[in-house]
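Right, one structure below, let's go through it.
Coordinate-derived values only; no laboratory data. Just so it is clear, the model here is predicted, and its values are computed rather than measured. Backbone-built Cβ (ideal geometry, glycine too); neighbour counts: all protein chains shown.
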Amino acid sequence: MFFSLNTLITASTVIFFLGVVGLLLNKRNLLIILMAVELMLLGLNLNFIFFSVYLDDILGQIFALYVLTVAAAESAIGLAILTLYYRDKQTISLEGFIRTKG
C-alpha cells in the first residue's frame with residue numbers, strides 16, 4: 001500500500017472529529033450543521049472502506065454504500081427543511097430556536 005493503515009485511519013478520524021467540532025461550535029447556522037454531519041459520515045465511510053480493504057472483505061464497502069444512501073437522504077431532507085425555513089424566516093440562522101431562560 002502507498003500509505004499505512006495507521007495513517008489512513010488517523011486521517012479519517014481527523015475528518016470525523018472536524019465534523020464533531022463543527023457541530024459543537026456552530027449552533028446557529030443550519031447549513032454548516034448539515035455540512036458537519038456530512039463530514040462525520042464521510043469519516044465513518046472512510047473507516048469502513050479502509051478496514052474493508054485491509055481485511056480483504058467486501059462487507060465494509062457494501063455498508064459504506066448504505067451509509068452513503070442514508071447521507072443522501074439526510075441531505076435531501078435537510079436541504080428541504082432549510083429551504084422551507086429560509087422561505088418562512090428569510091434567514092438560515094437558527095437564533096430563533098435558541099431559547100433563553102427568563
request  = Match the structure shown to one of the listed values [x] 14.8; [y] 15.4; [z] 16.8 of Kirkwood radius over Cα pairs in Å, computed from it, and give that label.
outcome  = [y]
key: Between 0 and 90°, nearest 10: helix 5-25 axis offset from the chain longest Cα axis   = 10
request  = Any chance you could give the angle, 0 to 90 degrees and rounded to 10, that helix 59-89 forms with the longest Cα principal axis of the chain?
outcome  = 10
ask   = If you average the sequence gap of Cα pairs under 8 Å that are 6 or more apart and divide by the length of the chain, what percent do you get for the contact order?
value = 27
key: Sum of -39500 (n - 2.57) over DSSP H runs of 4+, divided by residues of the chain (222 nm, nearest 500)   = -27000 deg cm²/dmol
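Mind putting a number on the dipole of the chain about its Cα centre? Charges go on the C-beta only, +1 for Lys and Arg and -1 for Asp and Glu, and I need it in Debye to the nearest 20.
Details: 6 positive and 6 negative charges, 130 e Å.
With only Lys, Arg, Asp and Glu charged at Cβ, the dipole is about 620 debye.
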Given charges at Cβ of Lys, Arg, Asp, Glu: segment 5-89 dipole, positive-most of A72, I33, I9 = I33
key: Lys/Arg +1, Asp/Glu -1 at C-beta; the chain dipole; positive extreme among T83, S52, L94   = L94
